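Please treat every number below as a calculation from the coordinates, not as lab data. Keep in mind the model is a prediction, meaning the values are calculated, not measured. FYI the Cβ positions are ideal-geometry reconstructions off the backbone, even for glycines, and counts take in every protein chain you see.
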Amino acid sequence: MSTIKDKLIEVLDFLDYAHSELDTATNELPDYSANESSRTYMSQTESYLTDAKDILEDAVTELVGNRY
């Protein structure tokens, strides 16, 4: 049975995976002016993922200490 600590760490891992996939998608997007709005949305998504990961890391650290 997974503990809340294990589940939170798993979520952090998935946030890392999502960030990596988003980075790959952004880099693979052709450099056309028509794609600028897509790049803007993707950049904003990256910002949300980063913020969510920072908040979750703070919560995990509070719950289990600095070493998780």
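Here is the figure for the stretch 48-68: residues that are in a helix (DSSP H, G or I) and small (Gly, Ala, Ser) total 2.
Residue under question is Ile4, and the condition is that it be touching a helix residue (DSSP H, G or I) at 6+ places or on another chain (Cβ under 9 Å), touching a residue at least 40 places away in the same chain (Cβ under 8 Å), surrounded by 13 or more Cβ atoms within 10 Å (Cβ to Cβ) and β-branched (Val, Ile, Thr); does it hold? Here the answer is no, as Ile4 does not meet what is asked. Could you list, in sequence order, all residues of the stretch 7-47 that are small (Gly, Ala, Ser) and touching a residue at least 12 places away in the same chain (Cβ under 8 Å)? Within the stretch 7-47, Ala18, Ala25, Ser43 meet the criteria. Looking only at residues in the stretch 7-41 that are farther than 30 Å from Leu63 by Cα and among the β-branched types (Val, Ile, Thr), the one that is surrounded by the most Cβ atoms within 10 Å (Cβ to Cβ) is Thr26.
As for the stretch 54-68, it holds at least one residue that is touching a residue at least 60 places away in the same chain (Cβ under 8 Å), surrounded by 10 or more Cβ atoms within 10 Å (Cβ to Cβ), out of contact with any strand residue (DSSP E or B) (no Cβ under 9 Å at 6 or more places or on another chain) and not charged (D, E, K, R).
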